[in-house]
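Heads up, the thing below is written out as structure tokens.
The values are calculated or read from the model by the stated rules, or taken from the named source; none is laboratory data. Quantities reported herein were computed from a predicted structural model and do not represent experimental measurements. Here the Cβ positions follow ideal geometry from the backbone for every residue, glycine too, while neighbour counts run over all protein chains shown. The area values use the complete protein model at the heavy-atom level, side chains included, leaving out ligands, DNA and RNA. Shrake-Rupley method; radii C 1.70, N 1.55, O 1.52, S 1.80 Å.
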Amino acid sequence: MRVGMLTSGGDCQALNATMRGVAKALYNMYDDVEIIGFEDGYRGLIYMDYRIMKSSDFSGILTVGGTILGTSRTPFKEIRIPDENGLDKVAAMKQTYAKLKLDCLVVLGGNGSQKTANLLYEEGLNVIHLPKTIDNDLFGTDVTFGFQSAINIATEAIDCIHTTASSHGRVFIVEVMGHKVGWLTLYAGVASGADIILLPEIPYDLDVICKALRARNKAGKRFSILAVAEGAISKEDAALSKKDYKKKLEERAAIYPSVSYELGAQITKATGQEVRVTVPGHTQRGGEPCPYDRVLSTRLGAEAAALIAKKKFGYMVAYIGDDVKAVPLKDVVGKLKTVDPECNMVKEARMVGISFGDR
């Protein structure tokens, strides 16, 4: 049994734990199994940059963040475009798969990586996909590995801000990762007791935000915390066409590093309150995986090995309810799981007084 494995796209805390789950299950299932690790994601598959893994490579990595194979971004929209030397990337990946006589390719990655995995399956390769992203935006699975670990870090960042915010009586904005979806900001915001949570799915009104801040001041509360997704958007900007919004972002980038800094300046101008911005940034991807992610990754990895043994390919291993299930890639690829503005969690957050800046 020869199995190829790669990690693609942005890194996260539980990639190693998931690879370990796949490897340990395969070693237990087969007397003769060889795992080939491709370096730096699809780039390694394209250019035959790989190494033969030993069972010892998968020992002691359950608690190690990042990825022992390295990763890189190979945009799906460019996958059919030849490289600078005219190399057909898809043909090259298929040739590598054939030359190494692989029985299966296991891909750990997010949305873009999943699209390429599905493309390779449609091209005739035996592929299994494992859902990785701190954004938790992959359709067809309730949870992605890396999400809970990132929640813990973002929550701790906001927790730490509480003490300095209360000491100085300031408004603090903590910018959380998430360009297109707000799952991470929503969970971290609720977990840390943020007063206002701004998500890409719920366009905000500056007047509503300022009204909420003034109400807190009137109630004798000296400080306020805003958990803001990096993709948060105002109602005015949300009404723009894609072309006009892109132009707006370019204009904003010349003045402010991100939406949080623009929002902070607007709040200060409207209310006179002192605003500070904190951006945890890539710390949200780093460090060791939390216990929840270690368990999730082990389960997902073991199920991937089971699918390989059953010769069931073209699937994503998903976590639904409390079960690990195989979901056809064709049913989920290209779909984004966004926060429903009317979901129970948003409703419950509103019930305890959290503002989403929209009403």
Going through segment 27-59 in order, the residues found to be farther than 19 Å from Lys115 by Cα and aliphatic (A, V, I, L, M) are Met29, Val33, Ile35, Ile36, Met48, Ile52, Met53
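Where residues in segment 13-27 are among the hydrophobic types (A, V, I, L, M, F, W, C) and farther than 17 Å from Tyr42 by Cβ, which of them is surrounded by the most Cβ atoms within 10 Å (Cβ to Cβ)? Give the derivation first.
Filtering segment 13-27 for residues among the hydrophobic types (A, V, I, L, M, F, W, C) gives 14-15, 17, 19, 22-23, 25-26.
Among the residues that remain, those that are also farther than 17 Å from Tyr42 by Cβ are: 14, 17, 22-23, 25-26.
On the way: Ala14: 38, Ala17: 27, Val22: 27, Ala23: 25, Ala25: 20, Leu26: 26.
If we take residues in segment 13-27 being among the hydrophobic types (A, V, I, L, M, F, W, C) and farther than 17 Å from Tyr42 by Cβ, then Ala14 is surrounded by the most Cβ atoms within 10 Å (Cβ to Cβ).
Is it fair to say Met53 is farther than 20 Å from Thr144 by Cβ, more than 26 Å from the chain's Cα centre (by Cα) and touching a residue at least 60 places away in the same chain (Cβ under 8 Å)? Can you show your working first?
Values: farther than 20 Å from Thr144 by Cβ: yes; more than 26 Å from the chain's Cα centre (by Cα): yes; touching a residue at least 60 places away in the same chain (Cβ under 8 Å): no.
It is false that Met53 is farther than 20 Å from Thr144 by Cβ, more than 26 Å from the chain's Cα centre (by Cα) and touching a residue at least 60 places away in the same chain (Cβ under 8 Å).
Does Leu186 fit the bill of being in contact (Cβ under 8 Å) with a residue 60 or more places away in the chain, under 18 Å from the mean Cα position of the chain (by Cα) and not in a strand (DSSP E or B)?
Working: in contact (Cβ under 8 Å) with a residue 60 or more places away in the chain: yes; under 18 Å from the mean Cα position of the chain (by Cα): yes; not in a strand (DSSP E or B): yes.
In short, yes.
If you scan segment 122-151, which residues turn out to be open to solvent by 20 Å² or more (accessible area, probe 1.4 Å) and either in contact (Cβ under 8 Å) with a residue 60 or more places away in the chain or touching a Gly at 6+ places or on another chain (Cβ under 9 Å) (or both)?
The initial filter retains those residues of segment 122-151 that are open to solvent by 20 Å² or more (accessible area, probe 1.4 Å), namely 122-124, 126, 135, 139-140, 142-143, 148.
Listed by number, the residues that qualify are Glu122, Asn126, Asp135, Phe139, Gly140, Asp142, Val143, Gln148.
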Exactly one of Val295, Val275 is in contact with a strand residue (DSSP E or B) (Cβ under 7 Å, 6 or more places away or on another chain) and modelled with pLDDT of 95 or more, and that residue is Val275
Looking at segment 176-183, can you tell me whether even one residue there is at pLDDT 95 or above, part of a strand (DSSP E or B) and open to solvent by less than 10 Å² (accessible area, probe 1.4 Å)?
yes
Only unsatisfied item for Phe313, checking (1) in a helix (DSSP H, G or I); (2) among the hydrophobic types (A, V, I, L, M, F, W, C); (3) in contact (Cβ under 8 Å) with a residue 24 or more places away in the chain, is (1)
| task | Test Ala215 against the criterion of being among the aliphatic types (A, V, I, L, M), assigned to a helix (DSSP H, G or I) and open to solvent by less than 80 Å² (accessible area, probe 1.4 Å), and give yes or no. | result | yes
Taking segment 305-331 and keeping residues over 22 Å from the mean Cα position of the chain (by Cα) and β-branched (Val, Ile, Thr) leaves Ile308
Taking first residues from segment 276-293 that are farther than 18 Å from Gly109 by Cα and second residues anywhere that are β-branched (Val, Ile, Thr) and at pLDDT below 95, the pairs with Cβ under 9 Å that are 6 or more apart or on different chains are Arg276/Thr164
Inset, instruction - Kindly indicate whether any position in segment 190-212 is open to solvent by less than 50 Å² (accessible area, probe 1.4 Å), more than 20 Å from Cys343 (Cα to Cα), free of Cβ contacts under 8 Å to residues at least 24 places away in the same chain and not β-branched (Val, Ile, Thr). - result: no
Counting only residues in segment 35-67 that are β-branched (Val, Ile, Thr) and surrounded by 22 or more Cβ atoms within 10 Å (Cβ to Cβ), the one nearest to Tyr97 (Cα to Cα) is identified as Ile46
Counting only residues in segment 332-359 that are within 20 Å of the chain's Cα centre (by Cα) and of a type in the set (D, E, K, R), the one farthest from Thr133 (Cα to Cα) is identified as Asp340
